[in-house]
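The block underneath contains the structure these notes are about, expressed in structure tokens.
The values are calculated or read from the model by the stated rules, or taken from the named source; none is laboratory data. As the structure is a computational prediction, the values presented were derived from the model and not from experiment. As a convention, Cβ positions derive from the backbone with ideal geometry for all residues, glycine included, and neighbour counts pool all protein chains shown. Accessible surface areas use protein heavy atoms only, side chains included; no ligands, DNA or RNA. Shrake-Rupley method; radii C 1.70, N 1.55, O 1.52, S 1.80 Å.
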Amino acid sequence: MARKIKYAATHFSIAFSMSYAVNQNVAVSTLVGLAEPFCFAFGRNVAREARTGLSVAPAA
């Protein structure tokens, strides 16, 4: 659980910082910062399911 919190905090801080550097708006940067960890977690789960869902035929 601590690892997930660390990843979320890291992604939030990077997304917030980059967004704030571009648009200088705290509200928009906060929304981007909150949305990015959720998108990262969802995308990671989709990629894991796609990777484990593929069946590989044994070599002949």
HN-Hα J in Hz across the range 31-38 - Karplus 6.51, -1.76, 1.60, θ = phi - 60°, x for Gly and Pro: 4, 5, x, 7, 6, 5, x, 5
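Please list the three semi-axes, largest first and in whole Å, of the ellipsoid equivalent to the chain, using sqrt of 5 times the eigenvalues of its alpha carbon gyration tensor.
Values: eigenvalues 235, 31, 14 Å².
They are 34, 12, 8 Å, listed from largest to smallest.
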Approximate spin-label separation Lys6-Val26, in nm, with each point projected 7 Å along Cα-to-Cβ: 3.0 nm
Per residue, in Å², the accessible surface of the chain once ligands and nucleic acids are set aside, probe 1.4 Å: 84 Å²
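Sort 6-18, 35-47 by packing, meaning the average of other beta carbons within 10 Å per residue, with the highest value first.
Values: 6-18: 14.5, 35-47: 12.5.
Top to bottom by mean Cβ count within 10 Å: 6-18, 35-47.
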Value of [θ]222 nm, deg cm²/dmol, for the chain, DSSP H segments ≥ 4, -39500 (n - 2.57) each, nearest 500: -29500 deg cm²/dmol
